[in-house]
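This report refers to the structure that appears directly beneath it.
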Amino acid sequence: MKSSTKRQAPGSVRRRAATGATAAFLGLAVALGSGMASPAAAADPAAITGIILGVGANETQRTVTWYSSADTAQKLQVAPTASVVNGEFPADAANFDATGAVNIAASGGFNRHATITGLKEHTAYSYRVGNEGNWSSTYSFKTQDFEGDYDFLFFGDPQIGSSGNLAQDQAGWQDTVDVSLAANPDAELLVSGGDQVETANTESQWNSFLAPDKLRQYPWAPTIGNHDVGGKAYEQHFTTPNTDRSAPLYSNGNPASNVSGGDYWYIYKDVLFINLNSNSYATSQGGGGDAAHIKYVTDVINQHGAEAKWKVLTYHHAIYSPASHAKDNDNKVRRVDFSDAFSKLGVDLVLQGHDHSYSRSYEIKNGQKANPDEKPGAADLYPGPGGVIYVTANSASGSKYYDITKPDSSGTSGAGNGADPQNPNNYWYNSVQNQEHVRTYVKVEVRNDKLVVEDIRSGTCAAPNSEVEQGMSCTNTSTGQPVGSTVDKFQVHPNHGTGQDLQVNVPNPAPGEFGWTIDGYNGLVDLGTAQERNGDHFEASGKINPITVSDTRRSLAPWSISADVGDFKDGDKTFSGSYLGWSPYVLDQGAGATSGESVASGYDDNGKGLSVSRGLAHADQGHARGGAKLGADLGLKIPDSVTKGGYRATLTITALSS
């Protein structure tokens, strides 16, 4: 994890040993520490709201966006959850400076955002935003393996506020988020089909959309819907990676105006995701229209397509859908503009919203059904070169449903909305169409050799289901089609052309580890009875119990073992640990071990002896892996003014490794 302001410190392991003038024992204690430190900021009275976790450019990143009532310097603080004790973040927590701007007047306040970088796999993290003395609540998320299989969830238009009953819409949205993640707790992304809210700049609707706490635990990949685009609140609430906010990608061609816009992309494991602002579709609007999006997709795939196995596009306006918007003129324009380009660019799957109903297309190539023999509802699809599957998601909140409409005689290719010869009630391009007036979400399983796509019920006719609660009919039965049941499921298998593609999964090599132990029994270190010398002092000697070091790390990082001793005590009698010195050596060579320098008793040189940390042994960067055995001869010289007694002291052994 990288920090905008940090200091890197090595990890440390502390173990305690005790030694004494006449009798001694060796004990153990352990403490760990490593990471980053950052300067503290002044206290800030700002109210912090609207926090949401977002996708980053890849698996090692996340974004966080929030609102602030005050225009102050703020930051995002992150630490492994294991290091956050009783709500207190460690001193070495990572800090990422936030940027932002003033919100539009309708929103009030200010927006802030920051990007977390350098995340490690298989780690739980905790984060908070604000500054010293004024932090938000603490939220957590986890990373998983950065390679291989994973699942993500796709949500059609929540459109909070659409039904006219904000509380009901929020309840339905909350329930879908909760149900979907209870069933899929290891899902790694939440992907939007657009229309988060009904009215672009109405913050009460945004508050309801942001209510689920899971939106601060799982990264959200937003999409601009036609109900989001008419203001700047969308851009204030979301931070997206690799975003192009140039004029052609805004519907009116003016990024500085009071509309949201832009396209973005990211790679998550084996999928290249490209997200488009489909509100900009015609140059007559003032922007670059569909041609600008096609250029963007072309450039991104040409530059990054080879970095992923799958190419998935997301945008709001479904070009192949079954309901009220299926015959919209603007969608017919997109249908003609997009289909050829997506086929030529090798897009595998397109995820769409807008039509508040579920459908999945046949394999579409260049604006036509690619395989005339493909049957409706086929479970396994083997698209040939240029074959693309288009999925439209139903409402995730229940705030609005559109009923399926009838085909017409306008044709069975291109912009036409004619009937499917195999299923005359469906449009020619749709393999499956569904509308029960119940909430659903789409689960996508990303596998090495296939994409598994499943539309799943997150509700029934029962509340929360705002449209049905307000009188809309409902054809679902909770016994026959319960929450968690499948509406549609299919698998997309990749096209391998005429060759034979080979694949092998190579795991991460075992990273190895660094450690040390007392060799053999951790017994008494007995310096015996001190002997008087020269009539002015006493001397005693002994050996530490040998220490075995093992270092199998592939990084070949440096390590060191050091020690220091406290005062020698017998009841209320005491003398300084500075009178103890040593001569380290390596008993068994290995792991790059080099012994430390000899340290004289402070009696000889008025020095500090072992009362301060002294090196027993160390190894430099690049040393060989393996093990070593370390030892040291102890030498104690004390003045004869020390009172008779049996004294003990604690020798603290510290291991440092990067």
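If R0 equals 30 Å, the separation of the Cβ atoms of THR298 and SER410 corresponds to a calculated FRET efficiency of about 0.55. Computed over the alpha-carbon pairs of the range 93-154, the distance histogram in 5 Å steps reads 4, 12, 17, 20, 17, 14, 9, 6, 2, 0 percent, short to long. If you restrict to DSSP beta bridges whose two residues both lie in the range 148-492, what percentage is antiparallel, to the nearest 5? Here the share of antiparallel DSSP bridges comes out near 60 percent. Pairs exceeding 24 Å between alpha-carbon atoms, taken from LYS311/LYS365; LYS375/LYS489; LYS573/LYS637; LYS214/LYS311: LYS214/LYS311. Considering only Cα atoms, the convex hull volume of the range 148-492 works out to 119 Å³ per residue. Rounded to the nearest 0.05, the FRET efficiency derived from the C-beta distance between GLN285 and ALA256 at R0 = 25 Å is 0.95. If you bin all the Cα-Cα distances of the range 38-146 at 5 Å, starting from zero, the percentages per bin are 2, 12, 24, 24, 19, 11, 5, 2, 0. Each principal axis of the Cα cloud of the range 164-250 was evaluated for its coordinate range; sorted largest first, these ranges are 41, 32, 17 Å.
Note on the range 148-492: dipole from Cβ charges, positive end direction compared against GLN368, HIS356, ALA323; the farthest Cα belongs to GLN368. Normalising by residue count, the range 454-501 has a Cα convex hull of 118 Å³ per residue. Dipole check for the chain: with +1 at the C-beta of Lys and Arg, -1 at the C-beta of Asp and Glu, and the Cα centre as origin, the magnitude is about 720 Debye.
If R0 is taken as 56 Å, the Cβ-Cβ distance between ARG533 and ARG245 corresponds to a FRET efficiency of 0.10. For ALA101, the residues 5 or more places off, or on other chains, whose built amide H falls under 5 Å of its own are ASN111. A simple packing score, the average count of other Cβ atoms within 10 Å per residue, orders the peptides 635-644, 337-346, 553-562 as 337-346, 553-562, 635-644, with the highest score first.
Need the C-alpha centroid separation for the range 232-281 versus the range 429-445, integer Å. After rounding, the separation between the Cα centres reads 26 Å. Distance between the pseudo-spin-label points of MET472 and THR99 (7 Å out from Cα toward the beta carbon): 4.1 nm.
Seen from GLY387, the other residues with C-beta closer than 11 Å to its C-beta sum to a net charge of -1, counting Lys and Arg as +1 and Asp and Glu as -1. Eigenvalues of the alpha-carbon gyration tensor of the range 104-222, scaled by 5 and square-rooted, set the equivalent ellipsoid semi-axes at 26, 21, 12 angstrom, largest first. Per the Debye calculation on the range 528-648 with a single equal scatterer at every Cα and no solvent contribution, log₁₀ I(q)/I(0) for q = 0.13, 0.18, 0.23 Å⁻¹ amounts to -0.57, -0.89, -1.22.
Three semi-axes describe the equivalent ellipsoid of the range 193-332; taken as square roots of 5 times the Cα gyration tensor eigenvalues and ordered largest first, they are 22, 20, 16 Å.
Every number in this text was worked out from the coordinates using simple rules, so none of it is lab data. Since we're looking at a predicted model, the values are computed, not measured. All Cβ positions, even for glycine, are placed from backbone atoms using ideal geometry, and neighbour counts span all protein chains on display.
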